[in-house]
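Bear in mind that the values in this text are calculations on the coordinates, not laboratory data. Predicted, not measured: the structure shown is a model, and the values here were computed from it. Note: ideal-geometry Cβ built from the backbone for every residue, glycine included; neighbour counts use all protein chains shown.
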Amino acid sequence: MSTRAIDFITEDFYESLSFMDGELPDLETVRSLFYGDGLLINNSSGQAVKYTAESFIKEIEEQIEDGWLLQFMQRELYSKTEIFGRVAQRTSVYEYSYSYYETDNLPKGINYIQFIQDGDNWRITSMAWNDESENYRIPSEIIGH
């Protein structure tokens, strides 16, 4: 089974969150990619932070409104998708930046994304991610380097 639809959804997710200073992210597209409430978990720090798609979007809007988040970029570097019937799991290695992003050695992380096929469309049901740190390095066998 082709992973193209899931490739496009993942790309849409990262691109919709990304925006330059003076612009806004496309949060309506982010909202449309999830099935139901969705579940997003940032497990990059000592305490896991749980969101629904709506509370995740609200958090981004508040950070922009407060002037903390002026621009952001996130893009996928490597992925592996497994599909069984109408469910899928994607390992997505990403990099991100809060400033100009055409630089080397941007921070990276791994996002595990789950999908279901709802009618003819794939939707994100959940995701959990962990940014790379000195304690957690992305294994070379995952990204093929």
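Translational diffusion of the chain, estimated by Stokes-Einstein from the Kirkwood radius over alpha carbon pairs at 25 °C in a medium of 0.890 mPa s, is 154 µm² per second.
All other residues whose Cβ lies under 14 angstrom from that of ASP12 are scored, Lys and Arg at +1 and Asp and Glu at -1, for a net of -1. When you restrict to C-alpha pairs under 8 Å that are six or more residues apart and normalise by the size of region 34-131, the relative contact order lands at 29 percent. For region 7-62, the relative contact order is 25 percent, taking Cα pairs closer than 8 Å that sit 6 or more residues apart in sequence and dividing their mean separation by the residue count.
For the pair LYS80 and ASP26, the difference between a 0.36 nm per residue extended length and the Cα-Cα distance amounts to 16.9 nm. The convex hull built on the alpha-carbon positions of region 42-113 has an orientation-averaged projected area of 6.4 nm².
Its alpha carbons considered, region 1-74 gives a radius of gyration followed by a Dmax of 13.3, 44 Å. Of the residues GLU76, GLU54, GLU15, the one that moves most in a GNM of the chain with alpha-carbon contacts below 10 Å is GLU54. Placing unit charges on the Cβ atoms of the charged side chains and taking the dipole of the chain about its Cα centre, the candidate lying farthest along the positive direction among THR81, ASN135, LEU24 is THR81.
Between LYS58 and LYS108, the distance separating the two model label sites (each 7 Å from Cα on the Cα→Cβ line) works out to 3.5 nm.
What separates the Cα centres of region 43-69 and region 1-24 is a distance of 18 Å.
Over the chain, with a Gaussian network built from C-alpha contacts below 10 Å, which listed residue (LEU27, LEU17, LEU106) shows the highest mean-square fluctuation? Result: LEU106 has the largest fluctuation of those listed.
Applying the criteria of a DSSP loop state and at most 16 other Cβ atoms within 10 Å to the trypsin sites (Lys or Arg not before Pro) of region 1-107 yields ARG86. Charge dipole (Cα centre; +1 on Lys/Arg Cβ, -1 on Asp/Glu Cβ; no other charges) of region 38-142 amounts to roughly 440 debye.
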